[in-house]
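This report concerns only the one structure given below.
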Amino acid sequence: MSETIAIIPARGGSKRVPLKNIRELNGHPLLAYSIRAAHDSGVCDRVLVSTDSPAIAEVAQSYGAEVLGLRPAELSGDGAHDIEFLEHAMQEWAPGDSSQLWAILRPTSPLRSAHSIRIARENLINNSWADSIRALRPVTEHPVKMWRLNEVTGEASTYLDQPGSFNGPLQDLEKVYIQASSLEIVRRGAALASHSISGRRVLGFSLPEAESMDVNSEHDWIVLGHLISQQPGLLPRLDSVS
């Protein structure tokens, strides 16, 4: 059976919500919920946290994750690409063969469940043609209703090649999805060969709407707080620091 590594990227810099990855949610740092989900899934052989912050590293270790060193500063800025932290972790902390699976679990999705991690991994293993599996969710604003704006003249044109605006029933439109940041699993060999966290062929995976939530702004925090106040069972239970 393929070794499975959970990698949780948690850099210290965040302009919109400072230190959001260790901001408390129901008495525990946001990061802790992804660590718990990875452990509770029962399919992750190791749970690693990639961070450039000593404070985040300390919190991650207290909740049972491995932190084998700090991520280099050049891989932690706003302009860094995700594949860079992943390749760094693969090469420095967890050598393995090409079949090794890497589950990228972003801490900004605390509602992603252990069950979803387990099922996504199973689906990827059962579809050998796929380099990776990625969570998707239906778009709320369809591309046929999007426009470009000429900043000089002010003229608007449809984003897609179509004759004017679309005014038909939404149910007649092709279903279109947007990638969710909450869950993706990639084969090691495919990631390294393509220099991409997705590889070249991607298996889609639908998550419950709440599990697709990505918390990156103060507004998102308000929405998340309201959601879990209405449905407390959505949030993984954390009784104590391990």
Is it the case, given these coordinates, that residue 106 is in contact with a strand residue (DSSP E or B) (Cβ under 9 Å, 6 or more places away or on another chain), of a type in the set (Lys, Arg), crowded, with 16+ Cβ neighbours inside 10 Å and closer than 19 Å to residue 195 by Cβ? no
Give the residue that is nearest to residue 182 (Cα to Cα), with candidates limited to residues of the stretch 228-240 that are touching a residue at least 60 places away in the same chain (Cβ under 8 Å) and not in a loop (DSSP other than H, G, I, E, B). 234
Select from the stretch 157-169 the residues that are open to solvent by 40 Å² or more (accessible area, probe 1.4 Å) and in contact with a helix residue (DSSP H, G or I) (Cβ under 9 Å, 6 or more places away or on another chain) and list them in ascending order. 159, 160, 162, 165, 166
Just one of 68, 48, 31 is touching a Phe, Trp or Tyr at 6+ places or on another chain (Cβ under 9 Å) and open to solvent by 60 Å² or more (accessible area, probe 1.4 Å); which is it? 68
The stretch 196-227, residues that are within 15 Å of residue 34 (Cα to Cα), hydrophobic (A, V, I, L, M, F, W, C) and part of a loop (DSSP other than H, G, I, E, B): 213, 215
If we keep just the residues of the stretch 82-100 that are hydrophobic (A, V, I, L, M, F, W, C) and over 15 Å from the mean Cα position of the chain (by Cα), which is most open to solvent (accessible area, probe 1.4 Å)? 93
Got at least one residue in the stretch 112-119 being farther than 30 Å from residue 237 by Cβ and polar (S, T, N, Q)? no
Here is a list of conditions, (1) touching a strand residue (DSSP E or B) at 6+ places or on another chain (Cβ under 8 Å); (2) at pLDDT below 90; (3) over 23 Å from residue 118 (Cα atoms), and residue 235 meets all of them except one; can you say which number that is? (3)
Can you find even one residue in the stretch 155-166 that is closer than 30 Å to residue 27 by Cβ and in contact with a strand residue (DSSP E or B) (Cβ under 6 Å, 6 or more places away or on another chain)? no
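Table: residues versus (1) open to solvent by less than 40 Å² (accessible area, probe 1.4 Å); (2) without any contact (Cβ under 8 Å) to a residue 60 or more places away in the chain; (3) on the phi > 0 side of the Ramachandran plot.
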residue: 124; (1), (2), (3): yes, no, no
residue: 131; (1), (2), (3): yes, no, no
residue: 136; (1), (2), (3): no, no, no
residue: 150; (1), (2), (3): no, yes, no
residue: 154; (1), (2), (3): no, yes, yes
residue: 173; (1), (2), (3): yes, yes, no
residue: 178; (1), (2), (3): no, yes, no
residue: 185; (1), (2), (3): yes, no, no
residue: 194; (1), (2), (3): yes, no, no
When residue 68 is evaluated against the numbered criteria (1) assigned to a helix (DSSP H, G or I); (2) out of contact with any helix residue (DSSP H, G or I) (no Cβ under 6 Å at 6 or more places or on another chain); (3) closer than 15 Å to residue 5 by Cα, which criterion, by number, is the only one it fails? (1)
Only one of 79, 12 is assigned to a loop (DSSP other than H, G, I, E, B), of a type outside the set (Asp, Glu), buried (at least 16 other Cβ atoms within 10 Å of the Cβ) and modelled with pLDDT under 95; which? 12
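The values are calculated or read from the model by the stated rules, or taken from the named source; none is laboratory data. No experiment lies behind these values; they were computed from the predicted model shown. Note that each Cβ is placed from the backbone with ideal geometry, even for glycine, and that neighbours are counted across all protein chains shown. Accessible surface is based on the protein model in full, side chains and every heavy atom, while ligands, DNA and RNA are left aside. Shrake-Rupley method; radii C 1.70, N 1.55, O 1.52, S 1.80 Å.
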